[in-house]
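The values are calculated or read from the model by the stated rules, or taken from the named source; none is laboratory data. What you see is a predicted model, and the numbers here were worked out from it, not measured in a lab. Neighbour counts are summed over all protein chains in view; Cβ atoms, including those assigned to glycine, are modelled from backbone coordinates with ideal geometry.
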Amino acid sequence: MSSAGRGSMLAQPLRAPSAGRVAALIGLTVLGAVVGFAGALVQAGWFPGGLLLALAGAAGLFLGGSRVTGSRGGAVAPAAGWVVAVIFLTASRPEGDFLFGAGAGSYLFLLGGMALAVICATIGLGRQPDADDARLGK
């Protein structure tokens, strides 16, 4: 049966994700937190190059997660881990210690990483039509 007979994606019943997909999304979330932590250290260490390296690593993870899972959820999961880790690292401790300074590099890392997360989640792969329905001439 063609997908035209099944109705739109919104009209179809929800299906539970497989255990492998859930494990992949959890792994991507943890990996996003690790990349956020590593990026926070690198961007401050070598200012211009470290900032670009940290943002490139985050973008690679977000877009790679989307491509590996074949859905936008693959970009959202590591982005969520990245945001949680980075926001956690921005909070100061009672002793007065903090990881991020008040420089322009820190703000560029925070805002640039969030912008990259939105961009990669937006351009991530959505649901594709079935192979039989992709071309009308066949």
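For first residues located in region 32-49 and in a loop (DSSP other than H, G, I, E, B), partners that are surrounded by 15 or more Cβ atoms within 10 Å (Cβ to Cβ) and of a type outside the set (Phe, Trp, Tyr) and lie 6+ apart or on another chain with Cβ distances below 8 Å form the pairs Trp46/Leu53.
Among residues of region 112-124 that are in a helix (DSSP H, G or I), those with a beta-carbon under 8 Å from a residue that is aromatic (Phe, Trp, Tyr) at least six positions away or on a different chain give the pairs Gly113/Trp82; Leu116/Phe62; Ala117/Phe62; Ala117/Trp82; Cys120/Phe62; Ala121/Phe62. Assessment of region 37-57 against the conditions (closer than 14 Å to Gly112 by Cα, modelled with pLDDT of 85 or more and loosely packed, with under 15 Cβ neighbours inside 10 Å) yields at least one matching residue. Can you pull out the residues in region 102-120 that are at pLDDT below 85 and surrounded by 16 or more Cβ atoms within 10 Å (Cβ to Cβ)? Residues satisfying the conditions are Gly105, Ser106. Residues in region 60-82 that are surrounded by fewer than 19 Cβ atoms within 10 Å (Cβ to Cβ), closer than 15 Å to Gly113 by Cα and hydrophobic (A, V, I, L, M, F, W, C): Ala80 alone. Contact map, region 51-65: first residue within 15 Å of Gly81 (Cβ to Cβ) and touching a residue at least 24 places away in the same chain (Cβ under 8 Å), second residue surrounded by 19 or more Cβ atoms within 10 Å (Cβ to Cβ) and of a type in the set (Asp, Glu), Cβ cut-off under 8 Å, separation 6 or more or different chains; the map is empty.
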